[in-house]
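Q: So that we are looking at the same thing, I have put the structure below in structure tokens.
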Amino acid sequence: MTLGDSQSVRLILAPNTDGYVATAELQDGKLITKLVNVPRPSNYDIRAVARLESVAFDIQPTDAREYELPINQPMEWRWTVRPHGTGVHQLSLNVHLRHIARAPASDVREYLLFSRGLDVQVTSILGMTASQSGIFGGIGLVSGTLVTLIGYALNKRRERNLGFAPTHRQNGGAAAISKIGKPNLELLLEQRQGVQISEMDGVLLRTLFGNYQRVVIEQEFRSGYSGARTYLVLPIRADGRTDAHTIAKVGSKSDIDREYANFVQFVKDTLPPITARIQEPPVATSSALAGVAALRYTFIGQPGRAPVSLRQALLAQPDPALLAQLFGTFGPNWWMQRKPYTFQAAVEYDRAQPPHWAMEPAHVGTIKSPWTGKSALADLETEGRLGVGDVVQMPAFASVERRSSGKGWSLESAAVHGRAATRVRWLGDTFSPGEFGRITASRIDLLQRVLISMDLYGFPDILPKLNRLLSQTVSGMQSTIHGDLNLENILVGPGGIIWLIDFERTREGHAVFDFAHLEAELIAHVLSEHMTVPQFAQLIASPAGQPSPDAMLLRAIHDMAGHCLFDSGSTREYDLALALTCLGATKHANLSNAARHMLYLAASCAAKDL
């Protein structure tokens, strides 16, 4: 840290079957984790006393913080520290347990539960404090800005004199955040058995961990549907010392930059310390891989015990308590801080569906109807003005991005207030505004191709209702949402701690959006692994009469959603969200036939009364 700055230190005791997991966290994301035993003798009350001390820092609060330690409840302490001078200084963190007998009251037993020294490097800029350097930096910034503006004006004048034309680039992504770095070609990448990395991932990892001698890639977490890869990595220095495990994510630069920006806006200062923290801005390269980037998350774990995804945990033991803990940990700061929200369902759930149209380049043909991009293609379809086989002249799109499969492009119009953006799957090798496109499939066509001949077991088909459901006005609640709450973005760490990663789609949105997405994930990747389709159809047809673990998991998610509804006496708001989410999830190519069939059933069942 810099002289003159302050930093926060947090300590959390999280319950574990073997006791508690003590996790100390500094503001820069450094974690120290230890499993501690907490005996609970009968007829004694237990209190935990934590104190942070150092002669080299001002520490607030200064006194010991003592709290009762209830059973199966986490406990958190937080301090703010400010250094007196530069150098390497140590903070001493100690936690004692006090066993206080209920009778006789004089019997008090105390012992040390957790003790750790935290080394902090304090630096300064030319001997100045942060505030002093900020003043001089501000003067330099003003001076530099004036020079830049003068240079810019002179350069623009030169361009006009030489006849240069301005250029425009569409990227549809977040503002550039990634730092450009060079890969350390001498860095050794070691992969545990079963872990495969691409050449591109290797370049990004050598850039992300360029200061190390080697890294061990111990595990890959299955990602959702974005095409990003997530690895558990152990970095090792030149002298053989190992740093803490970390989680590295590699993906498209626009997605990674957006994820970092969302983390800063929605996560960094709102969620509890057991949330994974992005350690530094993402990195990219200036090579041919300029379209990809990587970032690092802190890792919450114990030596020798790798975390598991919620999918792995629920496959091993379908325990609804894990879902309840997810809500209990993150609900108070996210989903429960909500406000009334009236919106058209398509604004929140259209993106879950396939694109409105699939199109291919058309070199000949008669234009059926002009389309400027100002009218939604779905409206033109509903009005009977466009259909499969028709040709349109393509307008400019706000976003033009290569599909993650590498085949074709995803085109997206600018969103109009209160309406969903129009999305097109362009099947050509290149795309330019003004060229002609022939419609090869509508959204319904794309869904029917993957749902053909699937038995609905008596549930009314949701497909004929889709456009009507998307056009419904919803009176709901709005909160901060994760936006991609899939089972691989929820990790189960030491002591059953639930923590989150991947904030690329975190935003303000429909409060039950995450729960509908989580239920679709549960159906596709957990229930489909040990249930048949007929068994699932029976389960959702009469959920109240099913005491099975699978039914309890679904009930747990419905309970979570129930806390966030506009009208707690009606499930219609969540039924609509679930129907649209489950139907949209059937589009993903990595699903088994059974998983896709069960999602189709869940969507049709949820929509039966809508």
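Q: Kindly write out, for segment 563-579 in residue order, the coupling ³J(HN,Hα) from the Karplus curve 6.51 cos²θ - 1.76 cosθ + 1.60 (θ = phi - 60°), rounded to whole Hz, with x marking Gly and Pro.
A: 6, 10, 7, 5, 10, 5, x, 9, 9, 4, 4, 6, 4, 5, 4, 5, 4
Q: Further question on the same structure: Return a whole-number percent for the relative contact order of segment 419-564, with Cα pairs under 8 Å and 6 or more residues apart as the contact set.
A: So the answer I get is 19 percent.
Q: What order do you get for THR506, THR242 when you list them from fewest to most C-beta neighbours inside 10 Å?
A: THR242, THR506
Q: What ³J(HN,Hα) values, in whole Hz, does the Karplus curve 6.51 cos²θ - 1.76 cosθ + 1.60 give for segment 425-432 when θ = phi - 60°, with x put for Gly and Pro?
A: Values per residue, Gly and Pro as x: 9, 8, 8, x, 6, 9, 9, 9 Hz.
Q: Given H placed on each backbone N at 1.01 Å, which residues far from ARG214 in sequence or on other chains put an amide H within less than 5 Å of it?
A: Result for ARG214 returns LEU188, ILE236.
Q: Using the alpha-carbon centroid of each, what span in Å lies between segment 341-358 and segment 312-334?
A: After rounding, the separation between the Cα centres reads 28 Å.
Q: Starting with the highest mean, order 574-580, 420-426, 529-535 by the number of other Cβ atoms within 10 Å, averaged over the residues of each peptide.
A: Top to bottom by mean Cβ count within 10 Å: 574-580, 420-426, 529-535.
Q: Oh, and also: Roughly speaking, what is the centre-to-centre gap between segment 592-610 and segment 186-265 when only Cα atoms are used, to the nearest Å?
A: Comparing the Cα centres of segment 592-610 and segment 186-265, I get a distance of 36 Å.
Q: If you don't mind, there's one more thing I want to ask. If we count every other residue with Cβ under 13 angstrom of ARG258's Cβ, Lys/Arg +1 and Asp/Glu -1, where does the sum land?
A: Value of the local net charge: -3.
Q: A further question on this structure: Pull up all non-local amide H partners of ALA414: gap of 5 or more, or a different chain, and H-to-H distance under 5 Å with H placed in the peptide plane.
A: ALA398
Q: While we're looking at this one, here's another question. Taking loop as defined by DSSP and a crowding limit of 14 other beta carbons within 10 Å, which GluC sites (Glu not before Pro) in segment 385-436 fit? Could you put the intermediate results ahead of the total?
A: Working: sites: GLU401, GLU412, GLU435; in loops: GLU435.
Passing sites in segment 385-436 are GLU435.
Q: Each residue of segment 591-604 in turn: what ³J(HN,Hα) in whole Hz from Karplus with 6.51, -1.76, 1.60 and θ = phi - 60°, glycine and Pro shown as x?
A: Residue by residue, segment 591-604 yields 8, 6, 4, 5, 4, 5, 5, 5, 5, 4, 5, 4, 5, 5 Hz.
Q: Which of the peptides 206-214, 446-454 is most tightly packed, and how do the rest follow, going by the mean number of other Cβ atoms within 10 Å of each residue? Could the numbers behind the result be given before it?
A: Working: 206-214: 19.2, 446-454: 14.2.
Put in order of decreasing packing, that is 206-214, 446-454.
Read the figures in this text as sums done on the coordinates, not as results from a lab. None of these values were measured; they are calculated from a predicted model. Every residue, glycine among them, receives a Cβ derived from its backbone with ideal geometry; neighbour counts consider all protein chains shown.
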